[in-house]
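In what follows, a single structure is set out as structure tokens and then discussed.
Read the figures in this text as sums done on the coordinates, not as results from a lab. Note that the coordinates shown come from a computational prediction; the quantities given were computed from them, not determined experimentally. Glycine also receives a Cβ, built like all others from the backbone with ideal geometry; neighbour counts cover every protein chain displayed.
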Amino acid sequence: MIKYCSIASGSNGNCYYVGTKSEGVLVDVGLTAKQIFLRMAELHIELNHIKAIFISHEHADHMKGVRVFVKKTGIPVYFSKKTFENAWNPFRPLNYRLFTPGDIIQIGDIQVHTFKKNHDASDPCSFRIESNGKSIGVFTDIGEPCDNVTAHFAQCHSAFFESNYDEEMLWAGKYPYHLKKRVASNVGHLSNKQAFDFVSQIASVEFKHLILSHLSGENNTHEKVLSCFEPLSGRFGIDIASRSGVSEMFEL
Ligand SMILES: [Zn+2]
Ligand SMILES: [Zn+2]
């Protein structure tokens, strides 16, 4: 059995949990350590159950709280070398471990598959977390799906997958033009339509549950996302990770 949930999701902070009975991992620590501790308590996740943390890239919404979190808990945190070197110094933990994208890191009975993706960071990575033949993907901050995202999504039974913005809302919205262009570029974020087209083509018959994640607060709504993905609701379960609080604890 594998459990998973969103502790935080969106440009205001990201943190995702995947775990088995014996251990768990976190992907990203993008809120303050204090907020993550509170939210973990709300979800009944014990700190000593977390055996490793993986950081996807150096943007603040993915690593803002990691230095304090690691200082207080001593939990090992993994970065790619370039991500660590390009992170803002006050965010960097004093103790860390390095991986090379493509590495598979064994954490107890969990395998964390690390891989590179397209996003405007120094060495953006995502993770497919596997245990006992079941895989959960944590795939956010994707400019456009590359072969790696495609190959790993195709092996997932469940995934957090970015559905960042509604295209009309972005272009009609109040972001400055350069920011609109950055979000929509192939190293920015996925729109609802891009996410829908990708998932409808790549999800396998084994795929059971999609959690749409990293929604924009400015350029998207739950209603837009749900109506876009409605045609897939007969194939698998669909949920949305909230920007303001935790999700429920899901189980596969
Ligand atoms: Zn982000
Ligand atoms: Zn980012």
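With θ taken as phi - 60° and the Karplus curve 6.51 cos²θ - 1.76 cosθ + 1.60 applied, the whole-hertz 3J(HN,Hα) list for the range 74-87 is x, 6, x, 10, 10, 10, 6, 4, 5, 4, 4, 5, 9, 6 Hz, x standing for glycine and proline. Let me see the P(r) profile for the range 3-251: every Cα-Cα distance counted, bins of 10 Å, each bin given as a percent of all pairs. In whole percents, the pair-distance histogram is 8, 34, 39, 17, 2.
Starting from the coordinates of the alpha-carbon atoms of the range 109-148, obtain the Kirkwood hydrodynamic radius over all distinct pairs and give the value in Å to one decimal. Final number for the Kirkwood radius of the range 109-148 is 10.8 Å.
Couplings 3J(HN,Hα) for the range 93-105, derived from phi with the Karplus relation 6.51 cos²θ - 1.76 cosθ + 1.60 (θ = phi - 60°), are x, 6, 10, 7, 10, 10, 10, 9, x, x, 5, 10, 9 Hz, where x marks Gly and Pro.
Computed packing ranks the peptides 16-23, 199-206 as 16-23, 199-206, most packed first, by mean other Cβ atoms within 10 Å. Along the axis of the charge dipole computed for the chain (Cβ charges of +1 for Lys and Arg, -1 for Asp and Glu, origin at the Cα centre), the listed residues Phe99, Ser204, Thr140 are led at the positive end by Phe99. Only DSSP H runs of four or more residues enter the estimate; each adds -39500 (n - 2.57), and after division by the residues of the chain the mean residue ellipticity at 222 nm equals -7000 deg cm²/dmol. Determine, from the Cβ-Cβ distance of Leu94 and Lys116 and an R0 of 35 Å, the FRET efficiency 1/(1 + (r/R0)^6), rounded to the nearest 0.05. It comes out at approximately 0.85. Separation of the range 135-177 and the range 1-33 by C-alpha centroid, Å? The two parts, judged by their Cα centres, are 17 Å apart.
Quick one: which of 130-141, 214-225, 105-116 comes out on top by average Cβ neighbours within 10 Å, and what's the full order, highest first? Kindly include the intermediate steps, with their values, before the conclusion.
Values: 130-141: 22.4, 214-225: 18.9, 105-116: 17.3.
So the peptides 130-141, 214-225, 105-116, ranked by packing, come out 130-141, 214-225, 105-116.
With +1 on each Lys and Arg Cβ and -1 on each Asp and Glu Cβ, and nothing else charged, work out how big the dipole of the chain is about its Cα centre, in Debye to the nearest 20. Before the final figure, lay out each step's value.
Values: 26 positive and 27 negative charges, 156 e Å.
That gives a dipole near 740 debye.
The charge dipole of the range 135-252, taken about the Cα centre with unit charges on the Cβ atoms of Lys, Arg (+1) and Asp, Glu (-1), comes to about 300 debye, rounded to the nearest 20.
Rounded to the nearest whole Hz, the Karplus-based 3J(HN,Hα) values (6.51 cos²θ - 1.76 cosθ + 1.60, θ = phi - 60°) of the range 62-68 follow the sequence 10, 8, 4, x, 5, 4, 5, with x at glycine and proline. In terms of the Cα gyration tensor, with a ≥ b ≥ c the square roots of its eigenvalues, is the range 14-139 rounded because a/c is under 1.5, prolate because a/b exceeds b/c, or oblate? Oblate, because a/c is 1.5 or more while a/b does not exceed b/c.
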